[in-house]
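Encoded as structure tokens, the structure appears first; notes follow it.
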Amino acid sequence: MAHHPALRSRLTGAARHAARVVRAELASPSESTAALFGGARSRWVRLLPYVVAVGLVASLLPVSVTVLTQDYGLNGALAGALATAQSAPLLLAVRRPMHAWWIVFAADIGTAFALLGADGTEGRTWPWTPMAVVGYLFLMAALGLREPRRRLVAVWLATGAAGLMFELVSQRLSDGVHLLLFVLSGVVLVLTGALRERDDVRRRLLVQETISETERAQRTLLEERTRIARELHDVVAHHMSVITVQADSAPYRIEGLPDAAREEFASIAAGARESLTEMRRLLAVLRSDGAGGERTPQPGLDRAQQLVEATVRAGVPAELSLQSGLDGLPGTVDLSAYRIVQEALANVVRHAPGAPTRVSVASDGAHLTVLVVNGPPSGPVSPLESTGTGHGLVGMRERVRLTGGTLDTGPLPDGGFRVAARIPLAPEPPGPTGSTEPSASAGHAGSAEPAHPTEPAHPTERTEDGS
């Protein structure tokens, strides 16, 4: 029996700790003062808590006064005060349910004590009147939709403790209504608490999805910029190599050069070689882990015909109109134009298979115009890919921004899609935010991934707002 005192001590300590936790939870209501259902889209749903609260107060207050005075025999002034304290705080419960609970809970206990000495209590519901039960259950619903789980448990235990106290005070008057309220309040708290937690989980998931979409768009943009930088390395490296060879060979090709000129050519060659070395180091950083160096030269518009032929083999009737005399294009412009045609044709194959497509490349001497237009498919089709990687339009925009040009993308009235790029042939510094046409490119980010730019999808999957 020696272990009984130790067990009793542990139980007492646990009970004291539980009491402190309950007291702390009841004393710390939620900081939020937003109305219940305040975030709902429907105006009627937002007004619903107010309508219910006003309806309950308007009905419970006069009924409570009447029942307390006529059935229980309480003094009219006291009955009015208690009925008001039990009913009016329900309006407060829409925004501050925990504060309302303290008032109503105290009023219910005060009413129960007042009814102990009333003449008409014998044989009637006690310690909680029917009106108090109805109002209290609405209050429990408001608490369940606002407060955390531990606080709800504390309120439920306080409700049960108050009912048990009155059961011990007078078993003769008690008719078991406190047990009914204890069970019903627990059910209401569980149901409304579960609804609140479900909404919280949905809200957190939505926030996480938004963050993930933003991170994915940023990652896609960085991948495209890295890819473009790797490709431009070959273009720039070619020019730097030419400079190095010309500077090294100048003293042998040009007779009678003074020593100062020879030193100048040697300095130019050394600077070009150092620049090439630094570019190779930069390229090593930009390459993905395990990716080997590209051994083939970067493509240009001279291979556009191969792109069109591959598109035709993929089942898309495509034709190419390539202006003659485009052999002397700058390397960056040539590569960017090729990649734009490549991405546009790939998007047609992915999202509008079978649609007739026309590719046109022309120059007016100052700008190079790349136009890719696809019509609607001949019949209902299922896109080969239901979701895109987001690299199509992102890559086009970055290449156009790099060259200081403009990009215009969007649907056509007949259900087709249009990609038009205008690239200056003379070097122009890109704008601070790019120079793409916002009205079209921003409005058609694609339907597969609406949170960030994606490939243009089949016209039936695209809307003006990008949804």
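Here the calculated FRET efficiency for residue 165 and residue 226, from their Cβ-Cβ distance with R0 = 51 Å, stands at 0.10, rounded to the nearest 0.05. Each of 419, 134 was scored by other Cβ atoms within 10 Å of its Cβ. Listed from fewest to most, they are 134, 419.
All other residues whose Cβ lies under 14 angstrom from that of residue 124 are scored, Lys and Arg at +1 and Asp and Glu at -1, for a net of -3.
For the range 115-185, run through the trypsin sites (Lys or Arg not before Pro) and keep only the ones in DSSP coil with at most 10 other Cβ atoms within 10 Å of their Cβ. Taking the range 115-185 and a limit of 10 other Cβ atoms within 10 Å, the loop trypsin sites (Lys or Arg not before Pro) found are 172.
Footprinting exposure proxy ranking of 202, 422, fewest other C-beta atoms within 10 angstrom first, gives 202, 422. Each of 51, 188, 359 was scored by other Cβ atoms within 10 Å of its Cβ. Listed from fewest to most, they are 51, 188, 359. If R0 is 60 Å, what FRET efficiency do you get for residue 273 and residue 204 from their C-beta distance, rounded to 0.05? The value I calculate is 0.60.
Under the 0.36 nm per residue contour assumption, what length would be gained going from the current alpha-carbon distance of residue 253 and residue 44 to full extension? Answer, rounded to one decimal: 66.5 nm.
Any read-out appearing in this document is the output of simple, stated calculations on the displayed coordinates, not a laboratory observation. Every value quoted in this text rests on a predicted model; they were computed, and no experiment measured them. When we count neighbours, we look across all protein chains shown, and the Cβ atoms used for this are built from the backbone with ideal geometry, even at glycine.
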